[in-house]
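Take a look at the structure set out below.
Since every read-out is calculated from the coordinates, none of them should be taken as a lab result. The structure displayed is predicted, hence computed values, not measured ones. Every residue, glycine among them, receives a Cβ derived from its backbone with ideal geometry; neighbour counts consider all protein chains shown.
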Amino acid sequence: MTTRPPMQPLGLGHLNHPLLGHPVIDHAHADRIGILRAIAPDAKANTPSLNIGIPDTPPVAWLAPVTGGLEWTTDPDAIEAAK
């Protein structure tokens, strides 16, 4: 993995990342390739069903399969640009 600049806040708990919208390799999930959709807290980590504030959880990388399907999350340090 490569060193990246610090992630900047975008609002609502989301963070900027240079690979947003680009294919990335998820090394934490058997080098699965997906499109980086967001770096943001996982709201499912909180127990209340109605979450009005920004979850107080570490940010995760939200990835979407290249061919469509269900998104998954991973550690932002586990991703790098797909070649």
Extension gain from Glu80 to Thr57, taking 0.36 nm per residue of separation minus the Cα-Cα distance
6.1 nm
Whole-Hz couplings from phi, Karplus 6.51/-1.76/1.60, listed for the stretch 33-43; x for Gly and Pro
9, x, 8, 6, 9, 6, 10, 7, x, 8, 5
What are the residues whose amide H is under 5 Å from the amide H of Glu80, where those residues sit 5 or more places off or on another chain and H is modelled from the backbone?
Ile25, His27
Tell me, what ³J(HN,Hα) does each residue in the stretch 58-75 have, in order and in whole Hz, if you take phi through Karplus 6.51 cos²θ - 1.76 cosθ + 1.60 with θ = phi - 60° and put x for Gly and Pro?
x, x, 10, 8, 9, 10, 10, x, 4, 8, x, x, 7, 5, 9, 10, 7, 5
Measuring from a point 7 Å past the Cα of Val66 along Cα-to-C-beta, which residues in the stretch 21-40 have an amide N at less than 17 Å?
21-37
